[in-house]
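The next block holds one structure in the form of structure tokens; read it before the comments.
The values are calculated or read from the model by the stated rules, or taken from the named source; none is laboratory data. Keep in mind that this is a model prediction, so the values were computed, not measured. Glycine gets a Cβ as well: all are built from the backbone with ideal geometry, and neighbour counts include every protein chain shown.
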């Protein structure tokens with residue numbers, strides 16, 4: 001039976017703290033893979049985590065990359081791994097390319113993040129230097145059997161940066177709690193009579209959380225009975241809490257998927273600077289969304305499914321969010337439309353079928369050779 005090796009630039013403790021470690025169990029594509037070995041190659045210590053008969057997580061020390069490659073080669077041979085999936089084109093993409101050449105098996109690269117936007121807005125290259133990002137990314141993507149673009153925007157970016165075959169495989173990893181009909185979700189435990197302006201995401205520069213806070217503060221004079229709830233953690237947490245701490249701005253940190261799904265369904269409007277899975281989750285919750293028109297947002301927010309505004313224009317964000325707070329019926333219609341599009345594009349069945357079809361083609365071509 002076929003076995004897949006996924007190389008992911010993360011660690012299990014961080015994923016568990018975010019409440020998303022259960023997403024690992026989706027990688028077998030509902031039984032397509034007999035076994036999935038998830039590799040975390042940049043951890044503090046080496047350990048093995050057996051999640052189920054079909055899923056195992058293996059973590060390796062970040063300071064022993066050469067030794068890790070040797071161990072992964074032996075592991076791939078022992079387990080008869082037939083394909084490798086890298087979750088970025090830089091660190092894990094390089095490891096996947098090396099192992100692919102040693103083992104003579106195909107590899108794919110998944111593009112889920114907006115690396116170009118990170119470099120532009122944060123001045124932060126993945127491999128320390130912009131030129132090194134471009135060179136390594138071009139090498140790993142041009143040699144991959146396929147690049148999976150988590151959005152159409154990501155797919156086109158991969159082509160511009162050397163991918164010879166890039167296909168749309170929308171990002172999965174959405175907890176099942178978020179697919180529940182919003183009306184059927186448990187009430188958010190801290191529900192309030194005030195209207196809720198919500199920000200969900202990593203508290204990092206590229207997600208623009210401070211823009212959302214400034215938009216919220218600009219809304220308060222016209223809507224004094226609103227509070228802001230911020231769900232997420234990250235390097236800007238301490239800065240934002242010390243600068244903007246008020247009784248009406250609540251920093252929750254990471255919360256579990258069920259609580260987050262309830263919070264989203266309770267919120268009156270969500271402000272999004274740059275959203276990944278959180279944008280999909282908000283749409284599934286029928287939360288009215290005001291987002292920057294950047295990256296892949298227009299692939300989900302269109303045809304009345306939300307409001308897109310110019311990038312970094314937080315004043316327009318405040319203005320449009322205020323309109324939604326004043327128009328309850330219009331906001332509900334926007335939320336319902338967003339859920340329709342999110343279900344059509346991002347349901348687990350749709351996403352997994354896209355990936356299964358791609359691997360069918362890749363593995364059949366390899367067998368023909």
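Just name the residue that is surrounded by the fewest Cβ atoms within 10 Å (Cβ to Cβ) out of those in region 93-105 that are within 17 Å of residue 162 (Cα to Cα) and touching a strand residue (DSSP E or B) at 6+ places or on another chain (Cβ under 7 Å).
97
What residue, among those in region 17-30 that are within 20 Å of residue 53 (Cβ to Cβ) and not in a loop (DSSP other than H, G, I, E, B), is nearest to the chain's Cα centre (by Cα)?
Checking each candidate, the answer is 23.
Being surrounded by fewer than 21 Cβ atoms within 10 Å (Cβ to Cβ) and not in a loop (DSSP other than H, G, I, E, B) is the filter here, so list the residues in region 69-92 that pass it.
69, 70, 71, 73, 74, 75, 77, 78, 79
Does residue 48 satisfy being farther than 29 Å from residue 133 by Cα, in contact with a strand residue (DSSP E or B) (Cβ under 7 Å, 6 or more places away or on another chain), at pLDDT 95 or above and not in a helix (DSSP H, G or I)?
The answer is yes for residue 48.
Conditions tested, residue by residue: (1) surrounded by 15 or more Cβ atoms within 10 Å (Cβ to Cβ); (2) in contact (Cβ under 8 Å) with a residue 40 or more places away in the chain; (3) part of a helix (DSSP H, G or I).
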residue	(1), (2), (3)
263	yes, yes, yes
275	yes, yes, no
308	yes, no, no
330	no, no, yes
338	yes, yes, yes
345	yes, yes, yes
360	no, no, yes
367	no, no, yes
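Out of region 202-220, which residues are modelled with pLDDT of 95 or more and either part of a loop (DSSP other than H, G, I, E, B) or within 15 Å of residue 252 (Cα to Cα) (or both)?
203, 208, 209, 213, 220
Sort through 351, 280 and tell me the only one that's touching a helix residue (DSSP H, G or I) at 6+ places or on another chain (Cβ under 6 Å) and either on the phi > 0 side of the Ramachandran plot or not in a loop (DSSP other than H, G, I, E, B) (or both).
280 is the lone residue from the list that is touching a helix residue (DSSP H, G or I) at 6+ places or on another chain (Cβ under 6 Å) and either on the phi > 0 side of the Ramachandran plot or not in a loop (DSSP other than H, G, I, E, B) (or both).
Within region 106-191, which strands (runs of 3 or more DSSP E) (wholly inside it) include 2 or more residues that are touching a strand residue (DSSP E or B) at 6+ places or on another chain (Cβ under 7 Å), assigned by TED's automatic domain parsing to the domain that holds residue 7 and free of Cβ contacts under 8 Å to residues at least 60 places away in the same chain?
Counting at least 2 such residues, we get 107-111, 146-149.
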